[in-house]
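Below is one structure, written out as structure tokens; comments come after it.
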Amino acid sequence: MAENKTQATDASVADFLEGVENAARQRDGLRLLALMKENTGEVPVMWGPSIVGFGSYHYRYESGREGDTVAVGFSPRKGSLSLYGLTYAPEAAELLPRLGKHKVGAGCLYINKLEDVDEAVLAELIRAGHRHSTTVMHQE
């Protein structure tokens with residue numbers, strides 16, 4: 001069975017964020033780092049070459065495929081900030097309309113820049129997503 005392509009690494013989160021070329025994207029990445037640390041209580045870990053993750057959970061599909069993945073995380077990509085694990089919790093349905101300018105697709109939340117969203121709502125999404133991934137999803 002194929003291994004999950006995106007796995008936790010020993011790479012430096014600080015080095016990764018310092019290497020983000022776009023200054024605004026780097027600034028938003030550093031703010032997301034602080035927000036996610038504060039709202040998860042987790043130590044950030046690089047997942048693959050470009051995802052900063054906070055916590056993890058083990059998944060197992062009916063097909064037999066299983067592995068570990070990031071509970072919540074982000075990547076300051078060129079096109080937008082990609083946030084992972086924030087759309088699965090039941091609370092997300094009520095919180096997302098209050099977030100501000102964003103898009104949702106394929107399990108990701110996409111934000112152009114942090115100033116487009118309400119940080120208090122984003123913090124709630126982070127807490128809810130982390131709690132859901134590390135408790136509910138962990139048990140499934």
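From the list Asp15, Asp28, Asp10, which residue is among the acidic types (Asp, Glu), buried (at least 20 other Cβ atoms within 10 Å of the Cβ) and either in contact (Cβ under 8 Å) with a residue 12 or more places away in the chain or farther than 23 Å from Asp118 by Cβ (or both)? Reasoning before the result, please.
On the way: Asp15 fails: buried (at least 20 other Cβ atoms within 10 Å of the Cβ); Asp10 fails: buried (at least 20 other Cβ atoms within 10 Å of the Cβ).
That would be Asp28, the only listed residue that is among the acidic types (Asp, Glu), buried (at least 20 other Cβ atoms within 10 Å of the Cβ) and either in contact (Cβ under 8 Å) with a residue 12 or more places away in the chain or farther than 23 Å from Asp118 by Cβ (or both).
All conditions but one from (1) within 20 Å of Ser133 (Cα to Cα); (2) modelled with pLDDT under 95; (3) of a type outside the set (Phe, Trp, Tyr) apply to Thr87; the one that does not is (2). Whether a residue is loosely packed, with under 11 Cβ neighbours inside 10 Å and touching a residue at least 12 places away in the same chain (Cβ under 8 Å) was assessed, and Pro44 does not pass this test. Out of curiosity, is Tyr110 touching a strand residue (DSSP E or B) at 6+ places or on another chain (Cβ under 9 Å) and touching a residue at least 24 places away in the same chain (Cβ under 8 Å)? Taking the combined requirement at face value, the residue satisfies it. Number of residues in segment 60-91 that are of a type in the set (Gly, Ala, Ser) and crowded, with 20+ Cβ neighbours inside 10 Å: the value is 5. The strands (runs of 3 or more DSSP E) located wholly in segment 1-96 that include 3 or more residues which are in contact with a Gly (Cβ under 6 Å, 6 or more places away or on another chain) occupy 51-60, 66-76. Filtered by the rule that a residue be at pLDDT 95 or above and more than 10 Å from the chain's Cα centre (by Cα), segment 56-76 gives a lone residue, Pro76.
The values are calculated or read from the model by the stated rules, or taken from the named source; none is laboratory data. The structure presented is a predicted model; accordingly, all values stated were derived computationally and were not measured. For neighbour counting, all protein chains shown are included, and Cβ atoms are generated from backbone atoms with ideal geometry for every residue, glycine included.
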